[in-house]
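First the structure, in the form of structure tokens, and then the observations on it.
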Amino acid sequence: MLLGAAPGPPAVLRKDLKKDFGAVGDGRTNDQAAFARAAAFFNQRAQGPGGEAPAVLFIPRGVYVVGAQAPGPNGYRWGADVLPLVGCRNLTIAGQDSARTEIRYAAGLRYGSFDPATGRAFQPPPGYFTDRAYAASGGTCVRLERCENVVVADLALNGNSPQLAVGGAWGDTGIQLPFDGVFVTGSRGVTLRRVAVHHFGRDGAQVLNHLATGLADPARENIRFENSTFDYNGRQGLSLTGVHGFRAENCSFSHTARARNAGLGRALFSNPAAGVDVEPEGGTVAHLAFAGCRFVDNGGQGLVSDRPAGPHPPRHGRRAPGGLHALGHHQLVGVGDAAGFLL
């Protein structure tokens, strides 16, 4: 033994979704509870001593059926998040690969407005309808809140939107209720690598950080998407609603609002139906990069930049040496139906 030798790297904690948390992954059994147990374990670990030590949640090959909706104060049927992680650091969530490891939402889940008395689809009058008593949401598959240095890799997340029971509109246009593949908020150093996120009712992914103090803030949040696809989702492949420092490489944000729902007999469509929507909500979006990405056959624009109406300067989004900045409520790129481009 050498006195004064530097300590080695901390041991990596490894957990298996099947062996340690009871998942089945047979394409029939609902494994929502197993994911909930895994999330509870890592969330509790993050709060204790050594919670920053590296860890891996391995998801073996299989099809993991998920989806749970229950009545409650938040709505008529409110969907539970599948893997809600809070405060986790240095965690990797890894499947076998995205062709053989799939998290798939169960058929028949409800999404949209439904009459709470009869359970039937409810078509609200024209206008802005947001009565939560009528709301049915799907929740989020992977939610990362106040996390740091988290990698999600080699997974397919399948929202199964063709098999949703779709109700009426909710929100300002279409169905503006949670049903997303990945939602990132208050987090840094998040990487999605070799994931396929498709057929969700709302967004494939959304990043909503409020960490930056303003456009001049030099800090970067380092959110990265690599070699991944965000296709056939209902509202967006990706919504960037708050982030300073985002890069996508070799990704696809395509075929938004093109997935036909069996019950509707048409595609599930909610505006803006873009490949990527850059739309700051309560903050700013800056320092974006897209390299080798595809924006093909979206129901709306391939890449759009706007901002909700309000007391803000009507300035255009622009390309600048510091990156892509979204400041105004004007289109950044407008690409019509059945069009595609690379960026």
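Can you find a residue that is in contact with a Phe, Trp or Tyr (Cβ under 6 Å, 6 or more places away or on another chain), at pLDDT 95 or above and not basic (K, R) anywhere in region 141-154?
Residues of region 141-154 that are in contact with a Phe, Trp or Tyr (Cβ under 6 Å, 6 or more places away or on another chain), as a first pass: 143.
Add one more test, that the residue is at pLDDT 95 or above, and what stays is 143.
Then drop every residue that is not not basic (K, R), which leaves none.
No: region 141-154 contains no residue that is in contact with a Phe, Trp or Tyr (Cβ under 6 Å, 6 or more places away or on another chain), at pLDDT 95 or above and not basic (K, R).
Given the residues A11, A23, A53, A39, which is the only one that is touching a residue at least 12 places away in the same chain (Cβ under 8 Å), outside any strand (DSSP E or B) and within 20 Å of V182 (Cα to Cα)?
Only one candidate passes the filter, namely A39.
Check region 235-250 and report whether any residue there is part of a strand (DSSP E or B), among the hydroxyl-bearing types (S, T, Y) and surrounded by fewer than 20 Cβ atoms within 10 Å (Cβ to Cβ). Walk me through it before giving the result.
We begin by selecting, within region 235-250, every residue part of a strand (DSSP E or B); these are 236-249.
Within this subset, residues satisfying the condition of being among the hydroxyl-bearing types (S, T, Y) are 239, 241.
Subsequent filtering for residues that are surrounded by fewer than 20 Cβ atoms within 10 Å (Cβ to Cβ) retains none.
For region 235-250, residues part of a strand (DSSP E or B), among the hydroxyl-bearing types (S, T, Y) and surrounded by fewer than 20 Cβ atoms within 10 Å (Cβ to Cβ): absent.
Within the bounds of region 142-150, is there any residue that is part of a loop (DSSP other than H, G, I, E, B), buried (at least 22 other Cβ atoms within 10 Å of the Cβ), on the phi < 0 side of the Ramachandran plot and within 14 Å of the chain's Cα centre (by Cα)?
no
Name the single residue that is surrounded by the fewest Cβ atoms within 10 Å (Cβ to Cβ) among those in region 62-101 being of a type in the set (A, V, I, L, M, F, W, C) and in a loop (DSSP other than H, G, I, E, B).
Only one residue fits best here, namely A99.
Do we find that N250 is on the phi > 0 side of the Ramachandran plot, polar (S, T, N, Q) and modelled with pLDDT of 95 or more in this structure?
yes
Limited to region 56-104, what total is found for residues that are farther than 30 Å from P116 by Cβ, in contact (Cβ under 8 Å) with a residue 60 or more places away in the chain and basic (K, R)?
1
Hey, could you check region 262-271 for residues that are over 14 Å from A169 (Cβ atoms) and touching a residue at least 24 places away in the same chain (Cβ under 8 Å) and say which is surrounded by the fewest Cβ atoms within 10 Å (Cβ to Cβ)?
A262
Could you list all residues from region 102-121 that are part of a strand (DSSP E or B) and either over 15 Å from G174 (Cα atoms) or hydroxyl-bearing (S, T, Y) (or both)?
So the first thing to find is which residues in region 102-121 are part of a strand (DSSP E or B), and the list is 102-105, 110-114, 121.
Scanning region 102-121 gives E102, I103, R104, Y105, Y111, S113.
The values are calculated or read from the model by the stated rules, or taken from the named source; none is laboratory data. Keep in mind it's a predicted model, so treat the numbers as computed, not measured. Don't worry about glycine lacking a Cβ; one is built from the backbone with ideal geometry, like all the others, and counts go over all protein chains shown.
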